[in-house]
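Just so it is clear, none of the values below were taken in a lab; they were calculated from the coordinates. All of these numbers come straight from a predicted model, not from anything done at the bench. With ideal geometry, Cβ positions are generated from the backbone for all residues, glycine too; neighbour counts draw on all protein chains shown.
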């Protein structure tokens, strides 16, 4: 159970105390290290987080496949992690990364290749 | 049930078909409209998404309070949404926003005010 003192410790301290949700996951946002452009959003369980930290390459937990996933393991488009930012309550991370190729499985540089314009999606220029 | 043709339609088309997870939520990443700096990560149910779109101000679903949440409703630090980016499988949004004040409830401009340095957290310069 989370208590108020846990919350204060997470918010104010220098301790890394990742707060996994009820599925055992953190939310991870990948931004390009140079431009800060949003590349993708994925999720990490404790093992994916540990592997990301030990290897310097982004690892995630695939919710659809229910499997550990080293980003780029088939495509070669790995993400070299340059910096990890941690949010106030430590349930979300920002990974500032240098991508070896397109971050999206569609071949787009970013998964966020469309924007909402009225009720439809249009390409991001 | 999600099918392959649903997936193709979501990825390739111009239709906005948000894919809520098993808790009825999308992941929303808030970036500063000017700098692309990561401000916060939150979650939206269908109602929060609809209100965000109709008002132009970010609304979320608080998982801890299990309640709809207009960002800034108590602090006044609302987020004016300038652009909504949608990812390939439409289960995550990027909101490029202009914040009226600090985005974090701690008073920091961003919830991501610390980075992971070795095993400890240090302030983002």
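Here is how the numbers come out for the structure above:
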quantity	calculated
Cα long-axis angle, helix A:46-55 against chain A (0 to 90 degrees, to the nearest 10)	70
Label 7 Å beyond Cα on the Cβ vector: residue A:124 copy-to-copy distances, nm	1.7
Averaged over B:88-96, number of beta-carbon atoms from partner chains that fall within 10 Å	5
Shielding score for B:26-36, defined as the mean number of other chain Cβ atoms within 10 Å	3
Distance histogram in 5 Å bins (all Cα pairs of the protein assembly as shown, percent per bin)	1, 6, 14, 19, 21, 19, 13, 6, 2, 0
Closest Cβ on chain B to the rotation axis that carries it onto A (distance rounded to whole Å)	B:36, 2
Kirkwood Rh in Å, taken over all unlike Cα pairs in the stretch B:74-125	13.1
The stretch B:49-94: C-alpha gyration tensor shape, a/c 1.5 cut-off, then a/b vs b/c	oblate
For residue B:62, label point 7 Å along C-beta direction: distances to other copies, nm	3.7
Gain on full stretching of the segment that runs from residue A:5 to residue A:100 - 0.36 nm per residue minus C-alpha separation	30.1 nm
Whole-angstrom gap from the stretch A:66-108 to the stretch A:1-62, using each part's C-alpha centre	11
Mean projected area (nm²) of the alpha-carbon convex hull when chain A is viewed from all directions	9.5
